[in-house]
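Below is one structure; the comments refer to it alone.
Values quoted throughout were computed directly from the atomic coordinates according to the rules given, and no laboratory measurement underlies them. These numbers come from a predicted model, not from an experiment.
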């Protein structure tokens, strides 16, 4: 299983790089067709769709979210922010279900033409359920539990 976990680590680093570089279509291609991305308001939640969430999207909803990022009128993404994601503490949480847990720190910077520049910092525990076909992985689901999720957060149009 050590070889599998090493491959999973490389996969998570690759995913983070795609997001940092704004390659959202390529990022979305990592998901299986029935996959979902869930960011509940509370890390204590165990059931999707029955609880407040910052993001609770299936693949078609993620496609729509990505299309909106490229709209010229998407003022929440103008100017486009730059981001740096650091992934660490990658562990195999559930060997049978192929669930990998990691820690994420994401720093986002947005240069403003007028006014103060924006800086945001996100810290989270992230879980991925991965499907391994021997050549590559597909994300079956991704869950992001922000450490300060129950605090006051601003809009999050881009995925963590």
What share of the DSSP beta bridges in region 2-146 is antiparallel, in percent to the nearest 5? 90
Per the rule of 0.36 nm per residue minus the C-alpha distance, extending residue 82 to residue 50 adds in nm 8.2 nm
Per 0.36 nm of contour for each residue apart, how much would the distance between residue 119 and residue 132 grow if the chain were fully extended, relative to their Cα-Cα spacing? 1.0 nm
Consider just the alpha-carbon atoms of region 2-146 and return their Rg together with their Dmax, both in angstrom. 15.8, 52
